[in-house]
Amino acid sequence: RPRVFSGIQPTADSFHLGNYLGALRHWVALQDSHDAFYCVVDLHAITAGHDPKVLKRRSRVAAAQLFALGLDPERSTLFVQSQVPEHPQLAWVLGCITGFGEAGRMTQFKDKSQKQGSERASVGLFTYPILQAADILLYQANAVPVGEDQRQHLELSRDLAQRFNSLFGRTFTVPAPHIVKDTAKITDLQDPTAKMSKSSSSPAGIIDLLEDPARSAKKIRSAVTDTGREIVFDAEGKPGISNLLTIYSALSGRGIDDLVAAYDGKGYGDLKKDLAEVVREFVTPIQERTNGYLNDPAQLDKLLAQGAEKARVVAAATLRDAYERVGFFPPV
Ligand code: TYM
């Protein structure tokens, strides 16, 4: 079976619909066809400052949501990055074959470091994509399900795998991005030209999986839509209504054309009202299951520790190979 690996940061108290539609639903689907490794990347979550207690809580909430969304500990391996020390170990080696300029061209680094100012932006923020490459390469992943915003980081992971292989001999599988176009960029409800994002969107622009569905309904009602009144899919000309149609279609399983036909002659208000209902039906059982996992943190931590043990077997074997290739001493 081909391998799949992906990660998500525990940097908010809830995942949002962009995370789910762009990535997480594919994580769940790929468990059936792939040997699946998924990671709550808490090392990545400290690159821009954090509160230790909040971080640990969010890592648990992240894991609980992932199980609630359908990750099955029998069929996939879910773990927390800090429990597998091979990640930063391999990252060091990969950092030594990454160009300074190459890392500096990462657009997420440029955007974030510009916002924070070069004195405040951390070195960890700069080397972030190298750690991400280590995450992926340790598991010899064939495919990496992510949203569009991760494409450039995935390109770097591929380059580093190829570079290492040609410098030191074939060691890593070169991973391919698994980006499903229709939902690869869910946009902000208040600014349908920008991606829905925990760091840059206002709360009104984001639908969180764990928020009260009445609150989501309100946000959907006040979502920025386009001039005109016709419900048609036109990502360029009508980005607001198109984003709502994309979300509606992905959550309900109904095709966009089917939805457009069904709303012929109806108004934006009707679509928004029905979408709010679809969201409510989707999130309600997920919220219940998430709370179930959070009510038993000892059991949750145990599942994660078991995941980390399984992950370490694979990660340690790859790291051993990589160390050997670069001329390090074997582990004792
Ligand atoms: P993160 O935590 O920001 O986001 C998790 C996943 O959600 C996707 N995503 C979106 N997809 C569609 N529309 C949106 N508006 C939207 N917002 C977020 C992201 O593309 C991502 O797939 N660097 C990664 C975490 C990471 C990782 C890895 C991913 C660390 N190591 C190894 C893959 C493989 C990140 O910050 O994702």
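The values are calculated or read from the model by the stated rules, or taken from the named source; none is laboratory data. This structure is a prediction, so every number in the text was calculated from the model and none was measured. With ideal geometry, Cβ positions are generated from the backbone for all residues, glycine too; neighbour counts draw on all protein chains shown. Protein only, heavy atoms only, side chains kept; ligands, DNA and RNA dropped before computing areas. Shrake-Rupley method; radii C 1.70, N 1.55, O 1.52, S 1.80 Å.
Remarks
- Boolean, Phe37 is under 19 Å from Glu148 (Cβ atoms), within 13 Å of the ligand (Cβ to nearest atom), part of a strand (DSSP E or B) and at pLDDT 95 or above: no
- Among the criteria (1) without any contact (Cβ under 8 Å) to a residue 24 or more places away in the chain; (2) of a type in the set (Lys, Arg); (3) part of a helix (DSSP H, G or I), the one Arg163 does not fulfil is (1).
- Comparison of Thr246, Thr290, Thr225 shows that the only residue that is crowded, with 17+ Cβ neighbours inside 10 Å and at pLDDT below 95 is Thr225.
- Whichever residue in the stretch 101-111 is part of a helix (DSSP H, G or I), open to solvent by 10 Å² or more (accessible area, probe 1.4 Å) and not charged (D, E, K, R) and, among such residues, is nearest to the ligand (Cβ to nearest atom): Gln108
- Meets criteria (in a helix (DSSP H, G or I) and more than 15 Å from the ligand (Cβ to nearest atom)) for Gln114: yes
- Among the candidates Lys219, Lys181, Lys198, the residue that is in contact with a Pro (Cβ under 9 Å, 6 or more places away or on another chain) and either of a type in the set (D, E, K, R) or closer than 22 Å to Leu66 by Cα (or both) is uniquely Lys219.
- Residue, farthest from Leu71 (Cα to Cα), within the stretch 22-37, restricted to residues that are in contact with an Asp or Glu (Cβ under 9 Å, 6 or more places away or on another chain) and either aliphatic (A, V, I, L, M) or surrounded by fewer than 24 Cβ atoms within 10 Å (Cβ to Cβ) (or both): Gln31
- Residue tally, condition assigned to a loop (DSSP other than H, G, I, E, B), hydrophobic (A, V, I, L, M, F, W, C) and touching a residue at least 12 places away in the same chain (Cβ under 8 Å), over the stretch 166-206: 9
- The residue of the stretch 48-96 that is surrounded by the fewest Cβ atoms within 10 Å (Cβ to Cβ), among those that are polar (S, T, N, Q) and within 15 Å of the chain's Cα centre (by Cα), is Ser59.
- The stretch 8-21 - residue that is out of contact with any strand residue (DSSP E or B) (no Cβ under 9 Å at 6 or more places or on another chain) and assigned to a helix (DSSP H, G or I) and, of those, surrounded by the most Cβ atoms within 10 Å (Cβ to Cβ): Tyr20
- Test result for Phe126, surrounded by fewer than 22 Cβ atoms within 10 Å (Cβ to Cβ), among the aromatic types (Phe, Trp, Tyr) and farther than 28 Å from Gly253 by Cα: yes
- Flag for Ala223 being in a loop (DSSP other than H, G, I, E, B), of a type in the set (Gly, Ala, Ser) and closer than 14 Å to Lys272 by Cβ: yes
- Search result, residues across the stretch 206-215 that are of a type outside the set (D, E, K, R) and closer than 11 Å to Leu17 by Cα: Ile206, Ile207, Leu209, Leu210
- Pairs, first among the charged types (D, E, K, R) in the stretch 283-310, second assigned to a helix (DSSP H, G or I), C-beta under 7 Å, six or more apart: Arg289/Ala68
- Checked across the stretch 133-143, the condition of being assigned to a helix (DSSP H, G or I) and open to solvent by 10 Å² or more (accessible area, probe 1.4 Å) holds for no residue.
- Enumeration of residues in the stretch 8-61 that are among the acidic types (Asp, Glu) and under 18 Å from Val80 (Cα atoms): Asp13, Asp35, Asp42, Asp51
- Set side by side, the residues Leu78, Leu66 differ, and just one is within 14 Å of the ligand (Cβ to nearest atom), in contact with a helix residue (DSSP H, G or I) (Cβ under 8 Å, 6 or more places away or on another chain) and assigned to a strand (DSSP E or B), which is Leu78.
- Yes/no for Ala322 being assigned to a helix (DSSP H, G or I) and either under 24 Å from the mean Cα position of the chain (by Cα) or surrounded by fewer than 19 Cβ atoms within 10 Å (Cβ to Cβ) (or both): no
- When the residues of the stretch 137-178 are filtered to those that are in contact with a Ser or Thr (Cβ under 7 Å, 6 or more places away or on another chain) and either of a type in the set (Asp, Glu) or near the ligand (Cβ under 9 Å from one of its atoms) (or both), the one that is nearest to Thr193 (Cα to Cα) is Val146.
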